[in-house]
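Just so it is clear, none of the values below were taken in a lab; they were calculated from the coordinates. Since this is a predicted model, take the numbers as computed values, not measurements. Every residue, glycine as well, gets a Cβ built from its backbone with ideal geometry; the counts of neighbours run over all protein chains shown.
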Amino acid sequence: MKEPDFRKSSPKKNGQLSGSSLQIVKVEDRQARNTFIRLPWSLYSNDPMWVPPLLLERRMHLSPKNPYFEHATCCLWVAYRDGNPVGRISAQVDQMHLERYKDATGFFGMLEAEDNSETFQALFNTAESWLRSQGMVCSRGPFNLSINQECGLLVAGFDTPPSMMMGHALPYYAERIEQCGYSKEKDLLAYIVEGDIEYSATRKMLLKRAKGRIHTRPLRKKHFQEDLDIIFSIFNDAWSDNWGFVPFSPKELKHLADDLKLLINDKLVSIAEVDGEPAAFIVALPNLNEVIWDCNGKLLPFGWLKILWRLKVKYPETARVMLMGVLNKYQNSPLGAALAYEVIGDAQKAVIKCGIKKVELSWILEDNMAMRNIIRDGGAREYKTYRIFQKGL
């Protein structure tokens with residue numbers, strides 16, 4: 001994989017640490033932002049599991065037009081050693097989180113760095129100083145940029161590439177973060193399902209009891225926006241009691257839907273109703289990372305052609321269930337379990353028809369035992385762990 005030629009860029013402002021060749025520079029212009037975005041190419045050049053993200057998507061993610069920034073502030077920094085970029089970090093303050101939890105917790109994310117304790121410590125010192133200046137008393141992460149986007153640090157499962165919108169990391173990251181005073185706050189789990197699901201007698205019994213009350217259907221293309229509104233209404237209710245939950249804003253929902261519209265296959269989306277009321281849903285998407293892995297982050301000159309061919313003609317063999325929810329009032333009940341089994345079963349039938357061989361279900365909180373038991377009942381196995389760290393300031 002050819003590394004982008006960004007090493008010639010140099011910091012414009014001197015933030016050199018005393019007695020060190022290391023500088024931490026705030027991102028304040030387009031050149032610095034491009035350096036920030038492209039930095040992973042050098043760190044992962046020898047890691048065959050890393051999938052280069054699309055550069056255009058990363059620029060849009062960090063653009064002021066991202067609706068996340070309507071309720072959050074963020075600063076970015078790049079670490080330079082001898083003029084070469086060797087690390088990066090972001091720090092965020094999310095007003096929607098603060099309004100909900102009133103815990104003065106800020107966030108870090110976008111973390112990438114060389115295997116050097118000085119680099120990690122300098123990046124965290126800078127991010128934490130900014131968070132304290134914003135009145136925060138706790139730092140939590142990584143979040144790129146929020147809990148509704150890519151989050152958690154990979155700590156187990158380095159031997160396979162990440163699914164779309166899930167992170168990858170180098171094995172030394174966790175230890176370096178802990179050396180900076182952070183400890184585990186929560187683990188997020190990813191499960192993989194290969195082949196047909198063989199459900200237990202418990203599933204059959206629950207579905208038999210709910211027969212006649214549950215009706216499922218795919219996404220309706222002619223009523224795309226209406227069904228998306230239903231899905232996210234259920235999501236915001238279903239996840240409302242989960243650890244760290246922050247609801248999607250209406251503009252964030254539209255932004256996400258616009259980003260994923262090319263990927264959405266109506267057959268891979270199932271909405272379940274109970275007595276005619278929408279009550280649960282599941283959204284599986286073809287794994288974009290399988291599609292873009294050899295584009296090196298570029299859409300031109302042939303990246304677009306590869307992507308369209310692989311999505312419309314040679315369909316991906318992997319997918320990710322990235323959204324799923326059951327209305328709160330049905331959770332922890334036999335009917336709630338039946339709803340989960342029903343939409344998962346629909347998704348499994350659909351992926352087989354599409355020729356998909358492996359499906360990732362992620363992410364699932366480590367203490368969400370009800371959901372973990374349901375998906376393990378169908379033969380899913382835990383294969384990746386992502387960790388959220390926290391530190392008092």
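Some points to look at:
- Listed by chain and number, the aspartates and glutamates whose alpha-carbon sits under 14 Å from that of Lys306, ignoring those within fewer than 8 places in the same chain, are Glu290, Asp294.
- Relative contact order [Cα under 8 Å, 6+ residues apart], the chain, whole percent: 21
- Degrees between helix 250-260 axis and first principal axis of the chain (Cα, 0 to 90, nearest 10): 90
- Computed over the range 279-352, the alpha-carbon pair-distance distribution with 10 angstrom bins reads 18, 36, 23, 16, 7, 0, each value a whole percent.
- Mean separation of Cα contacts under 8 Å (6+ apart) over length of the range 149-219, as relative contact order %: 22
- Alpha-carbon spread of the chain, three principal axes, descending order, Å: 72, 48, 35
- Alpha-carbon Debye profile of the range 222-348, log10 I(q)/I(0) at 0.17, 0.22 Å⁻¹: -0.94, -1.30
- Gap separating the Cα centres of the range 101-175 and the range 75-92, nearest whole Å: 13
- Value of Rg/Rh across the range 55-138 [Cα atoms, Kirkwood radius]: 1.01
- Its Cα centre serving as origin, the range 224-299 has a Cβ charge dipole (Lys and Arg +1, Asp and Glu -1) of approximately 400 debye.
- Neighbourhood net charge (15 Å Cβ-Cβ; Lys/Arg +1, Asp/Glu -1) for Pro316: +4
- Cβ crowding within 10 Å, taken as a proxy for footprinting-reagent exposure, orders Trp293, Trp304 from fewest neighbours to most as Trp304, Trp293.
- A viscosity of 1.306 mPa s and a temperature of 10 °C, combined with the Kirkwood radius over Cα pairs in Stokes-Einstein, give a translational diffusion coefficient for the range 22-190 of 97 µm²/s.
- For the chain, modelled as a GNM whose springs connect Cα atoms under 10 angstrom apart, the maximal fluctuation among Ile352, Ile364, Ile37 occurs at Ile352.
- Highest-MSF residue in the chain out of Pro218, Pro85, Pro64 [GNM, Cα springs under 10 Å]: Pro64
- Phi-based couplings in Hz for the range 161-171 (Karplus 6.51, -1.76, 1.60; Gly and Pro marked x): x, x, 7, 4, 6, 10, x, 10, 7, 8, x
- Between helix 201-210 and the chain: long-axis angle, C-alpha atoms, 0 to 90°, nearest 10: 70
- The GluC sites (Glu not before Pro) of the range 239-346 that DSSP puts in a loop, and whose beta carbon has at most 16 other beta carbons within 10 Å, are Glu317.
- Considering only Cα atoms, the convex hull volume of the range 109-253 works out to 190 Å³ per residue.
- Both radii come from the Cα set of the range 89-179: Rg as radius of gyration, Rh as Kirkwood radius; their ratio Rg/Rh reads 0.98.
- Pairs beyond 21 Å (Cα-Cα), from Lys222/Lys357; Lys221/Lys349; Lys267/Lys357; Lys314/Lys384; Lys221/Lys353; Lys222/Lys314: Lys222/Lys357; Lys314/Lys384; Lys222/Lys314
- Charge sum, other residues only, whose C-beta stays under 12 Å from Ala272's C-beta, Lys/Arg counted +1 and Asp/Glu -1: -3
- Measuring how big the range 28-100 is from its alpha-carbon positions, Rg and Dmax come out at 14.2, 43 Å.
- The relative contact order of the range 301-384, computed from alpha carbon pairs under 8 Å that lie at least 6 residues apart in sequence, is 38 percent.
- Ranked list, fewest to most other Cβ atoms within 10 Å of each Cβ, for Cys151, Cys138, Cys295: Cys138, Cys295, Cys151
- Helix 117-133 axis, angle to the chain major axis (alpha carbon atoms, nearest 10°): 80
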